[in-house]
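What follows is a single structure, written as structure tokens, with notes after it.
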Amino acid sequence: MLNVRIATVEDADAIVAIKQEIVITNDFLLRLPEEVQETAEEYRKKIQMRQENGGLTLIVEFNNQVVGFLSFHRPSYMRLHHTGSFGICVKQEFSNKGVGTTLLSYLIEWSKEQRGLEKINLDVFSNNKRAIHLYKKLGFKEEGKQINQIKLKDGSYADIIFMELSI
């Protein structure tokens, strides 16, 4: 059974390990493996800072093992503070097993209780069909795209699709 909860600074080691694994096995992230150098100590600070500024970090566990996480950030600029955006990472062996749905459903319900939060934003590679399907299933709508914004390993391109969910 999957258990979702708000991350604490003690979860930073598990989160960083998942990020390192995902960046090596997944071609849907902006950064390449050699560009991900974040330490657990740096991530501990991010968890604290994010929560102090109206965002949060969620983790999902299976049998007390962290198998995925979601980071949600709200901009500090007042003209943007009614919005927030997130990133999500799920261990490959738990992909397509409801982890992403569980994390996003929690975020959506949590967002409805946050003062002044009106909109959740995300961007996704156009070739990440599974993620796009998940976002649409949960009510996100496409707002726009940047054409050929991402150059893939094989030399082909993907668009970045911008999506939103009004709260």
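The values are calculated or read from the model by the stated rules, or taken from the named source; none is laboratory data. Fair warning: this is a prediction, and the values are worked out from it, not measured in the lab. Please note: Cβ atoms are built from the backbone with ideal geometry, for glycine as well, and neighbour counts cover all protein chains shown. Please note that ligands, DNA and RNA were not included when accessible areas were found on the heavy atoms of the full protein model with its side chains. Shrake-Rupley method; radii C 1.70, N 1.55, O 1.52, S 1.80 Å.
Tabulated data for the structure shown
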quantity	calculated
Local electrostatic count at G144 - Lys and Arg +1, Asp and Glu -1, tallied over other residues with Cβ under 12 Å	-3
Stretch gain in nm, segment E21-S156, where the contour uses 0.36 nm per residue and the Cα spacing is subtracted	46.2 nm
Excluding exposed DSSP-loop trypsin sites (Lys or Arg not before Pro) (at most 15 other C-beta within 10 Å), longest clean stretch of the chain	32-78
Accessible-area composition of the range 101-167, carbon plus sulfur, in percent [1.4 Å probe]	45 percent
Where chymotrypsin sites (Phe, Trp or Tyr not before Pro) fall in DSSP loop in the range 44-131, at most 14 other Cβ within 10 Å	Y77
Rounded to 5, the percent of DSSP beta bridges in the chain classed as antiparallel	90 percent
Positive minus negative residues near Y77 (Lys, Arg vs Asp, Glu; Cβ under 15 Å)	+2
Surface accessible to a 1.4 Å probe, per residue, for the residues of the range 31-167, Å²	58 Å²
Loop GluC sites (Glu not before Pro), the range 68-143 (other Cβ atoms within 10 Å of the site Cβ: 10 or fewer; DSSP)	E113
